Amino acid sequence: MKQMKLGVVGCGNISDAYLRGGANSKIVAVKSVTDINPDSAKTKAETHGVSAVTYDEMLADPDVQIIINLTVPQAHAEISKLALQAGKHVYSEKPFAVTFSEAQELVRVADDRKLRIGSAPDTFLGAGHQTVRKLIDEGRIGTVTGGAVTFATPGMEMWHPNPFFFFQKGGGPVLDIGCYPITQLVNCLGPVRSVVAHASKGQEKRTITSDLHKGEQVTVEVPTTVNGILDFANGANVSFTASWDIWKHQRKPIELYGTEGSILNPDPNFFGGAVKISARNGDWEAIDISTQPFGKPNQPAGEGREVANYRMAGVYDMAAAINSGRSHRANGGLALHVLEIMESLERASSENRRIYTETSCERPATVPQGEGEEVFLAE
Ligand SMILES: NC(=O)c1ccc[n+]([C@@H]2O[C@H](COP(=O)([O-])OP(=O)(O)OC[C@H]3O[C@@H](n4cnc5c(N)ncnc54)[C@H](O)[C@@H]3O)[C@@H](O)[C@H]2O)c1
């Protein structure tokens, strides 16, 4: 297929991962970048050999077919809507939007115009998570009856250069990181029927310790610890913890429990990792993930460790899907359902009741075995 040209909006921390992913692809190529702060766009454009433009210029460029929205969460819906109204397909970083109603509107606008809309997380396309999906589909742990999710760290103010947005409306650990395990669970188990939850705030104000804003305080507007239960339509009963109030723990990112055994699912913030399975209460057995794409470690993660980070895989899939006319995996229907689940967790707590979801979605197709982005071209 002919390489599809991308325009990147938002030249902050995560943009390098996308610009690197775009530089080595046969399916897509970044043509231009833009930012509300033109100096940020200029710097990224020079580093990655693309052009820096205004957003209006990007939207008016007929070569640009997909807009990649890497702005802060609070700007996602507005930037994505402008792109759709200009006739561009959109792929957004997570969260898809900060409210369910904004996300519903985006899906409506995309559908009306017959444009594609996609959203991170795309980590579920990675080798670790696809391997888990296949083990479940093969019935290796029987019927999945339950599970446990833990995404817990001390916070973001100690490493992110601009941590303010994480603690404002539209931030918080559920919207920021909960989307990773929830998307992987929906990929494996299907849609969620209802949720209950209790949410709390560990601190009213936090002091930033990362360099740029060191010593400044940020007021916390959102709950920073949420414990909930996800009741899946297939009957699975999964406990869910997302927190920025925890220094240290020993819980696994995702455990899945079935009538015939259990599975340990690796960290859904990355693409690879160790997959383990037990037959009933037998020993844990390590499962090889190397036959799936997007699993080899490719990014240093400190202390000599490496992780697999293939952010852009969802865009490769979306571009190849537009070309062949099939549906793409990290799609608006999935992102909308995941966002509704996340918003429902906070509402279940603030309204002190069980919330039933309005939306549902199909499980995305599994990723074929093979190497790299090419797997999406063969479909
Ligand atoms: N940093 C990470 O490791 C990471 C990982 C995965 C996903 N994300 C997600 O990616 C998004 C961006 O995160 P980040 O860490 O790069 O944030 P960031 O604050 O470093 O960068 C955001 C950029 O968007 C620009 N921007 C804001 N509003 C804009 C607008 N209206 N128009 C044009 N540009 C605008 C800002 O000037 C900034 O350069 C967030 O939604 C975040 O949740 C980040």
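The values are calculated or read from the model by the stated rules, or taken from the named source; none is laboratory data. All of these numbers come straight from a predicted model, not from anything done at the bench. Note that we place each Cβ from the backbone using ideal geometry, even for glycine, and neighbour counts take in every protein chain shown. SASA here: full protein model, heavy atoms, side chains in, ligands and nucleic acids out. Shrake-Rupley method; radii C 1.70, N 1.55, O 1.52, S 1.80 Å.
Worth pointing out:
- Between region 169-218 and region 30-49, the C-alpha centres lie 29 angstrom from each other.
- Size of charge dipole - region 4-119 - debye, nearest 20, with Cβ of Lys, Arg +1 and Asp, Glu -1, no other charges: 440 debye
- Largest-first ordering by accessible area, 1.4 Å probe, given options 14, 67, 136: 14, 136, 67
- For the chain, the relative contact order works out to 19 percent when only alpha carbon pairs closer than 8 Å and six or more residues apart are counted.
- Dipole-positive endmost among 356, 313, 80 within the chain (Cβ charges, Cα centre): 356
- Computed with a 1.4 Å probe over protein heavy atoms only, the accessible surface of region 182-281 comes to 46 Å² per residue.
- Extension gain from residue 356 to residue 306, taking 0.36 nm per residue of separation minus the Cα-Cα distance: 14.0 nm
- Unit charges on C-beta of K, R, D, E only; dipole of the chain, Debye: 320 debye
- Dipole of region 4-119, positive direction: furthest Cα of 100, 21, 45, with charges on the beta-carbon: 21
- Structural descriptor for region 11-159: relative contact order 14 percent, calculated from alpha carbon pairs under 8 angstrom and at least 6 residues apart.
- In the context of the full set of protein chains, region 4-119 has a per residue accessible area of 42 Å² (1.4 Å probe).
- Solvent-accessible area of residue 112 with every protein chain in place, 1.4 Å probe, in Å² to the nearest 10: 120 Å²
- Note on region 4-119: Cα Rg divided by 2.2 N^0.38 Å, N the number of residues, gives 0.98.
- Residue 354 accessible area, 1.4 Å probe, all protein chains in place, Å² to nearest 10: 100 Å²
- Two numbers describe the Cα atoms of region 88-188: Rg and Dmax, which are 16.4, 45 Å.
- Accessible-area order (highest first, 1.4 angstrom probe) of the listed residues 79, 341: 79, 341
- Of the GluC sites (Glu not before Pro) in region 232-327, those whose Cβ has at most 15 other Cβ within 10 Å and which sit in DSSP loop: 260, 303
- Among the trypsin sites (Lys or Arg not before Pro) in region 1-94, those placed in a DSSP loop whose Cβ has at most 11 other Cβ atoms within 10 Å are 2.
- Nearest-10 value in Å² for the accessible area of residue 137, using the 1.4 Å probe: 80 Å²
- Listed residues 341, 89, 139: farthest to the positive end of the dipole of the chain (Cβ charges): 139
- Accessible surface, 1.4 Å probe, highest first, among residues 131, 219: 219, 131
- Element breakdown for region 4-119 at a 1.4 angstrom probe: carbon and sulfur atoms account for 50% of the accessible area.
- log10 of Debye I(q)/I(0), alpha-carbon scatterers only, for the chain at 0.06, 0.09, 0.12, 0.13 Å⁻¹: -0.21, -0.49, -0.92, -1.09
- By the rule of a C-alpha distance below 18 Å, with chain neighbours fewer than 8 residues away ignored, the aspartates and glutamates paired with residue 94 are 16, 35, 78, 102, 105, 122, 176, 267, 317, 340, 343, 346.
- Principal semi-axes in Å for region 250-379 [√(5λ), Cα gyration tensor, largest first]: 27, 25, 16
- Distant-in-sequence amide H partners of residue 4 (H built 1.01 Å from N, under 5 Å): 28, 29
- For GluC sites (Glu not before Pro), the sites in region 171-244 that DSSP calls loop and that have at most 11 other Cβ atoms within 10 Å are 204.
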